[in-house]
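Laboratory data are not the source of any read-out in this text; all were calculated from the coordinates shown. All values reported here derive from a predicted model rather than from experimental measurement. Counting neighbours? That spans all protein chains shown, and the Cβs are built from the backbone with ideal geometry, glycine included.
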Amino acid sequence: MYSKTSVALSLAALFSTSVAAQSQAIEHITVTANKFEQPIGQVLASLDVITRDDIERTGVRDLPALLSNYAGIDIVRSGGQGQTSSLFIRGAASRHSLVVVDGVRVGSASLGYKALETMPLNSIERVEIIRGARAAWYGSDALAGVINIITRNGDSKTLSVSSGSDNYVNVQGAYALTQGAFKGAINLGYEQTDGYNVTTGQDQDRDGYENQNIGARLSYDFDTLGKLEFVGQYSDAEVEYDGTSSDFSKFENYHLQLGWQKAHGRYAHTLKTALVKDDNYNTLKNPYPGYKANQYITERDELGYQLNIALNDALTISSGLDYYYEDVGDSINAYALEGQPQSGFVKETQSNKGVYVGAYYLHDAFSTNAVVRNDDHSEFGGESTYNLALGVPFADIATLRASYGTGFKAPTFNDASSIWGANPDLKPEESTNAEVGLRLNIAGGQYDVAVYKNTFENLIDWGFNGPENINKASFEGIELSAEVEDGLGINHTLNLSYVDAQDDNTGEDLVLRAKRSFNWGLGKEFDKWYVGAQLQYRSDRVSYYRTHLPSYTLINVNARYQLVDNISFDFAIENLTDKEYVTNVAATDWATGAIASEYIGAERKVYAGVSLSL
């Protein structure tokens, strides 16, 4: 769809638009991509930052829909809201990207990734998307990127209610208080929808979703002794879906964290400990006599310490160590036989110790950072990773960056300890990541282009002898992003991504990866109104058994009307053109490989709500 000529013309149009736009100061955003706060301009990586204002302006319903608007990210849904959503960062599978919430490793240790669809959007203050290998900072899983979610910590005091298609109801509130050295914030939410029939050729019923959640962040700054902070988030959900062995899930997820921070002269200390639980219970809505349900439970204990030393204005040394312990022993496998572990895993616990050190040098002529890390896994031994990056600024408006890094993923419980095919000789999956990028800030616009190549080795797949390190894959691509304001005061956010994701063993395209993705968002404020629109294009892709899934384009619109200072009304229409499209394959004919059932995208949906600022 996109030729080199069309890309060049698009970029030329963007640059001409930005020259016509009025000059405006570039916002200095602070991010934690390197595990400590830095201005975004000093981070030598491809990243995006999503603020609470961005979340409310787009009017999206869930986290997968929010993330899908950003460069290098593709979300493949297998159902509707609350149901399985696969995350592909630069073409890599969900298990090759790490999701952390408030700096805490979350998700299922048996699957090896976090289910994004179960993360309530109302609990999120901001999201940092860091693309590229980050294992030198975070350890296992961060081969393709990191999704860093920070829960509510702002000073907002709001209450909102919305409703819409499929009997959708959303009630959410947030309250913050500052009293001297004490700061507190609490958020809560309830969301429910009857859903729609998400597949063809299977259960002809609606597949609903319900979630209730609560969270808190409390801190007290003792000045000379440092700041203590408690963070807690809890949610439980019920999800209906189309399946044969099960069609109903209950989720219960929480993380509790206690942290201490202290800055003293050139030294900054951070100490955190956390408890995490990820509980997924799968059953039938109408179980028959003798039916047995599956329950997958991950309990994780975490501890981390980091020390930053500012040797001078230009050089900072950052070092740390972290530890986590995972236990899946409370899981229940419905198919476990007598004499086998009822959890379904021959080994039910594992742990990891990691230590890292990095140097960050910032100069007028160039900036650079180097990070090395070693992980010691209780089952798979040691693994070393590193990342090197260089940035060169030009005339205070551009920074050219280049980086090279390595990553790894420890085998999951499903791969290494399953009662159906445990392989204690599995090795970690490994990756290398090379990238060159250019970030440009000029009057009225911000631009970024990145070219990358990722190679993955020792990928785990199930063969005749169970799980083995038998696969290789490579990912090459380019990302173009722009944020500009035109002469009419309309803000444009655009990104174009191309990725060639191949199975190096067969030379074929990897399934479910769209080669070309395009997102275009517009927003305009006038009088008491804000009006926005988003266009999303995904090219065709292959699915399982090499079946073909066609391309599609979706358009969403939303608006906000500020009635008075503290009351506003929100409106949104998803899939404005009522596009019929397929997101994934639900079932195939085992004999022919023909598609027997498909997951279909939602038809046009309409929503409206009211928000009150206290």
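If you look at the Cα atoms of the stretch 4-613, you get an Rg and a Dmax of 23.9, 74 Å. In order along the stretch 571-584, the phi-based Karplus estimate (6.51 cos²θ - 1.76 cosθ + 1.60, θ = phi - 60°) of 3J(HN,Hα) comes to 9, 8, 10, 9, 6, 3, 8, 6, 5, 8, 8, 10, 9, 6 Hz; Gly and Pro are listed as x. Cα centroid distance between the stretch 28-99 and the stretch 542-614, in Å? The stretch 28-99 and the stretch 542-614 have Cα centres spaced 18 Å from each other.
Treating each Cα of the stretch 477-517 as an identical point scatterer and summing with the Debye formula, the log10 of I(q)/I(0) at q = 0.16, 0.23 Å⁻¹ comes to -0.55, -0.77. Secondary-structure-derived ellipticity at 222 nm for the chain, considering helices only, amounts to -1500 deg cm²/dmol, per-run term -39500 (n - 2.57) for DSSP H runs with n ≥ 4. Loop-resident chymotrypsin sites (Phe, Trp or Tyr not before Pro) (DSSP state other than H, G, I, E or B) in the stretch 570-614 with no more than 10 further Cβ atoms inside 10 Å of their Cβ: Trp590.
Relative to the Cα centre, the charge distribution of the chain, modelled as +1 at Lys and Arg Cβ and -1 at Asp and Glu Cβ, gives a dipole magnitude of about 1040 debye. Here the stretch 195-218 and the stretch 325-381 have alpha carbon centers that stand 30 Å from each other.
For the stretch 4-613, averaging the sequence separation of C-alpha pairs within contact (under 8 Å, six or more residues apart) and dividing by the residue count gives a relative contact order of 12 percent. Note on Asp194 and Ile478: with the Förster distance fixed at 35 Å, the Cβ-Cβ geometry gives a FRET efficiency of about 0.25.
Our estimate of slack between Lys250 and Leu612, defined as 0.36 nm per intervening residue step minus the Cα-Cα distance, is 127.2 nm.
A simple spin-label model places the labels of Gln179 and Asp155 1.7 nm from each other, with each point 7 Å out along Cα-to-Cβ. Provide the FRET efficiency to the nearest 0.05 for the Arg546-Leu522 pair, computing r from the beta carbons and using R0 = 41 Å. Rounded to the nearest 0.05, the efficiency is 0.65. If R0 is 45 Å, the Cβ-Cβ spacing of Ala370 and Asp503 corresponds to a FRET efficiency of close to 0.85. Residues of the chain were split at every exposed loop site, defined as GluC sites (Glu not before Pro) in a DSSP loop with at most 15 other C-beta atoms within 10 angstrom, and the longest piece left, sites excluded, is 38-337. In this label model, Val436 and Tyr323 are separated by 4.4 nm, measuring between points 7 Å along each Cα→Cβ vector. Taking each of Lys250/Lys285; Lys285/Lys347; Lys157/Lys250; Lys528/Lys605; Lys35/Lys262; Lys409/Lys472 in turn, the alpha-carbon distance tops 20 angstrom for Lys285/Lys347; Lys157/Lys250; Lys528/Lys605.
For the stretch 445-550, the list of chymotrypsin sites (Phe, Trp or Tyr not before Pro) that fall in a loop by DSSP and count at most 16 other C-beta atoms within 10 angstrom reads Phe464. Taking label positions 7 Å along the Cα-Cβ direction at both His269 and Thr349, the computed distance is 2.9 nm, reported to one decimal. Computed from backbone phi, the HN-Hα couplings of the stretch 74-83 come to 10, 10, 10, 8, 10, x, x, 4, x, 9 Hz, rounded to whole numbers (Karplus: 6.51 cos²θ - 1.76 cosθ + 1.60, θ = phi - 60°; Gly and Pro given as x).
Straight-line reach from Lys272: taking Cα to Cα under 19 Å and skipping same-chain neighbours fewer than 8 places apart, the aspartates and glutamates in range are Glu37, Asp102, Asp221, Asp223, Glu229, Glu299, Asp301, Glu302, Asp322, Glu326, Asp375.
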